[in-house]
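**Q** Shown below is the structure under consideration.
Here, each number is a calculation from the coordinates, and none is a lab measurement. Quantities reported herein were computed from a predicted structural model and do not represent experimental measurements. Cβ atoms come from the backbone with ideal geometry, glycine included; neighbour counts cover every protein chain shown.
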Amino acid sequence: MQKKATGSTKRTKYIFVTGGVTSSLGKGIISASLAKLLQSRGFTVTIQKLDPYINIDPGTLNPYEHGECFVTEDGAETDLDLGHYERFLNIPTSQANNITTGRIYQSVIEKERRGEYLGKTVQIIPHITDEIKRCIQILGNLHNFDVVITEIGGTVGDIESLPYIEAVRQLMWEFEDDCINVHLTLVPYLSAAGELKTKPTQHSVKMLLENGVQPDILVCRTEHELGTALRNKIAKFCNVSSDAVIQSIDADTIYEVPLLMQKEKLDEVVLRKLNLKSKTKLDLKKWEQFLFKLKNPKKEVHVGLVGKYVELKDAYKSIAEAFIHAGTGIDCKVIVHWIHSEEIFAKNVASKLNNLDGILVAPGFGSRGIDGKIEAIKFAREKQIPFFGICLGMQIATIEFARNVLGFKDAHSTEMKAYTKHPVICLMEEQKSIVNKGGTMRLGSYPCALKKGSKAYKAYGKVNVEERHRHRFEFNNEYKDAFEKAGMKCVGTNPKSGLVEIIELENHPFFVASQFHPEYKSTVMNPHPLFVGFLKACAQG
Ligand code: GLN
């Protein structure tokens with residue numbers, strides 16, 4: 001049997017996570033939890049997501065379709081599961097961690113145009129599957145991780161997933177002892193029968209077997225405990241050892257899942273199947289401390305999140321998680337009130353926002369809900385309620401201040417109004433000629449220098465920081481002096497371009513807004529300083 005040639009002495013182990021029966025079983029959280037356990041045993045681990053859709057990346061997808069678009073350090077617009085990977089593992093991901101069918105086909109077609117297939121007919125097998133296999137191995141080969149966990153999006157049996165499952169089949173054959181498959185299924189409870197049912201799991205494993213993949217471990221999502229008899233039954237029907245039938249029961253918080261998986265010995269079974277020995281003794285002390293604090297808050301803080309996708313919580317996933325990390329850090333339970341920006345008007349703003357300890361205005365695109373956001377920010381500014389604006393939230397804070405303090409009544413962003421006398425937010429010169437929508441924004445990590453003495457500086461405790469961006473429009477520097485004279489200070493700027501990255505209001509308990517997205521960098525082990533600063537101000541109110 002062919003063996004892997006990595007060019008390094010160490011062989012990377014691959015874990016393929018597939019799903020059956022239905023979507024939304026929590027493959028991302030299980031992958032992140034398994035990775036956390038292996039990391040806590042001394043291994044270097046990363047997680048990759050393969051998405052079977054044809055878009056090149058989720059950057060052009062509406063949040064209603066796909067939830068939040070997560071942005072990596074290197075400026076890749078990726079699936080929101082990568083946010084979970086970073087939050088759990090506390091290490092950055094990159095473009096190589098998220099591959100889509102669109103990207104696979106794009107690269108194969110470009111190779112074909114360059115004549116690299118030497119006159120051969122280009123086919124799904126071997127050309128598409130080879131490209132998938134190459135993408136799976138990039139992280140192992142280039143970065144030399146001990147373990148790469150590859151989560152395959154979608155469900156076994158989907159037409160779109162077939163080439164991915166085929167690539168997994170081939171790799172499991174080629175790499176023999178260096179690969180395993182963890183398959184997630186559902187064990188539903190039928191209340192009329194009063195029973196848990198294993199048949200969907202059996203069918204799903206059969207479908208995987210039809211595609212040539214024998215799962216090594218089954219993670220069974222369930223609302224009730226799986227007894228020994230049931231585990232044995234699943235093991236027998238699906239050719240896995242009974243200790244490899246792992247129960248994944250609903251948890252109060254996703255951050256409990258690593259501990260639940262540890263209780264089920266998922267990590268131990270994985271190590272055994274991969275012929276690996278734990279590098280260090282499992283150490284989850286810090287994680288357990290976080291969980292204890294999360295479950296035993298000393299205070300409650302009520303924060304309003306104003307946005308236009310509030311009916312779809314996944315659209316603001318990283319913000320919601322950043323609140324959990326930062327809140328836990330200061331012993332506070334953050335209760336997020338999701339407020340639709342289209343439902344805020346001058347006449348109801350007080351009743352909608354009055355009882356809140358703080359207000360966050362969310363990122364976004366387009367003009368829907370803008371007026372409500374302006375009202376919310378005006379209210380927070382005038383009533384001295386802690387305010388935090390992110391990206392579009394910062395741009396709207398700029399517009400609100402220009403209109404209501406500087407008196408530029410028609411101030412706007414050229415995103416919403418192409419021609420206005422006071423374009424306080426406008427396109428940068430280099431953005432003006434761009435016509436393609438995908439991957440053309442200001443994306444990824446950029447440096448930002450903070451003004452000493454500002455609230456932002458106080459929160460970070462240092463001058464130079466780096467934060468991730470995803471936007472086209474910018475603060476118009478022609479208005480900088482007017483803003484600063486009136487008390488809205490530009491306290492964070494890009495040291496090279498001079499672009500304004502953070503604005504902050506004087507004489508206000510906390511009114512800070514950033515052009516970048518701090519939420520992408522918040523993790524369990526490193527809550528984001530601006531979220532902590534904002535919540536501290538909220539808790540004092
Ligand atoms: N629509 C704004 C821009 O493109 C803000 C984007 C955002 O909030 N991510 O500049």
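**Q** For the stretch 356-479, compute the orientation-averaged projected area of the C-alpha convex hull (one quarter of its surface), in nm².
**A** 8.7 nm²
**Q** Hey, what do the phi angles of the stretch 209-222 turn into as Karplus ³J(HN,Hα) couplings, whole Hz, using 6.51/-1.76/1.60 and θ = phi - 60°, x for Gly and Pro?
**A** 5, 4, 8, x, 10, 9, x, 8, 9, 10, 9, 9, 6, 8
**Q** Sticking with this structure for a sec: Tell me, how many Å apart are the Cα centres for the stretch 258-273 and for the stretch 470-541?
**A** Each part's Cα centre sits 42 Å from the other's.
**Q** Which of the three applies to the stretch 96-177, rounded, prolate or oblate, going by the alpha-carbon gyration tensor with a ≥ b ≥ c and a/c under 1.5 meaning rounded?
**A** Cα axes put the stretch 96-177 in the prolate bin.
**Q** Could I ask something else about it? Counting helices only, and only those DSSP H runs with n ≥ 4, report the 222 nm mean residue ellipticity of the chain as the sum of -39,500 (n - 2.57) divided by its residues, in deg cm²/dmol to the nearest 500.
**A** Computed ellipticity for the chain at 222 nm equals -10000 deg cm²/dmol.
**Q** Now, a different point. Please report the base-10 log of the normalised intensity I(q)/I(0) for the chain, using a Debye sum with one equal scatterer per alpha carbon and no solvent, at each q in 0.07, 0.11, 0.12 (1/Å).
**A** Per q value, in the given order, log10 I(q)/I(0) is -0.44, -1.01, -1.15.
**Q** For the chain, what proportion of DSSP beta bridges, expressed in % and rounded to the nearest 5, is antiparallel?
**A** Restricted to the chain, the bridges split so that about 30 percent are antiparallel.
**Q** Take each of the peptides 258-269, 276-287, average the number of other beta-carbon atoms within 10 Å over its residues, and list them starting from the highest.
**A** 258-269, 276-287
**Q** Also, quick follow-up: Short version: what are the Cα gyration tensor semi-axes of the stretch 367-421, square root of 5 times each eigenvalue, largest first, in whole Å?
**A** Each semi-axis is the square root of five times an eigenvalue, giving 19, 13, 9 Å.
**Q** Here is a further query. For the stretch 233-275, what are the per-bin percents of Cα-Cα distances with bins 10 Å wide, up to the bin holding the maximum?
**A** Per 10 Å bin, starting at zero, the Cα-Cα P(r) for the stretch 233-275 comes out as 27, 46, 25, 2 percent.
**Q** Whole-Hz Karplus ³J(HN,Hα) for the stretch 518-526, in order, using 6.51 cos²θ - 1.76 cosθ + 1.60 and θ = phi - 60°, x for Gly and Pro?
**A** Working through the residues one at a time gives x, 4, 5, 9, 7, 10, 4, 7, 9 Hz.
**Q** A follow-up question, please. Loop only by DSSP, 14 or fewer other Cβ within 10 Å of the Cβ. Give me the trypsin sites (Lys or Arg not before Pro) in the stretch 73-131 that pass, ordered by residue number.
**A** Counting only loop positions with at most 14 other Cβ atoms within 10 Å, the trypsin sites (Lys or Arg not before Pro) in the stretch 73-131 are 114, 120.
**Q** Computed over the Cα atoms of the stretch 230-327, what is the convex hull's projected area averaged over all directions, in nm²?
**A** Here the figure is 9.6 nm², rounded to one decimal.
**Q** Run the Debye formula on the Cα coordinates of the stretch 60-118, all scatterers equal and no solvent, and tell me log10 I(q)/I(0) at q = 0.19 1/Å.
**A** -0.75
**Q** Here's something else I'd like to know. Between residue 272 and residue 436, what is the FRET efficiency for a Förster distance of 41 Å, r being their Cβ-Cβ separation, to the nearest 0.05?
**A** 0.25
**Q** State the volume of the convex hull built on the alpha-carbon positions of the stretch 412-541, expressed per residue in Å³ and rounded to an integer.
**A** For the stretch 412-541, the hull spanned by Cα atoms encloses 133 Å³ per residue.
**Q** What's the percent breakdown of Cα-Cα distances in the stretch 33-185 across 10 Å bins, shortest bin first?
**A** 10, 39, 38, 12, 1
**Q** If you take the Cα atoms of the stretch 1-112, find Rg, then find the Kirkwood Rh from the mean of 1/r over all pairs, what is Rg/Rh?
**A** Expressed as Rg/Rh, it is 0.99.
**Q** Distance cut-off 26 Å, Cα to Cα: go down the list 263/293; 265/521; 293/373; 236/265; 295/462 and report the pairs above it.
**A** As for pairs spanning more than 26 Å Cα to Cα, those are 265/521; 293/373; 295/462.
**Q** Treating the beta-carbon of each Lys and Arg as +1 and of each Asp and Glu as -1, no other charges, what is the dipole magnitude of the chain about its Cα centre, to the nearest 20 debye?
**A** For the chain, the charge dipole is close to 1020 debye.
**Q** If you don't mind, there's one more thing I want to ask. For residue 49, list long-range residues whose amide hydrogen, built 1.01 Å from N in the peptide plane, is under 5 Å from its own amide hydrogen.
**A** So residue 49 has HN proximity to 98, 99, 151.
**Q** Then there's this: Between residue 174 and residue 484, what is the spin-label point distance in nm, taking each point 7 Å from the Cα along the Cα→C-beta axis?
**A** Here the answer is 5.8 nm between the modelled labels.
**Q** For the stretch 149-303, compute Rh as the Kirkwood radius over C-alpha pairs and then the Stokes-Einstein diffusion coefficient at 4 °C and 1.567 mPa s; write the answer in µm²/s, rounded to an integer.
**A** Diffusion coefficient, whole number: 74 µm²/s.
**Q** Then there's this: For labels at residue 211 and residue 335 in the simple 7 Å Cα→Cβ model, what's the distance in nm?
**A** Here the modelled spin labels are 4.4 nm apart.
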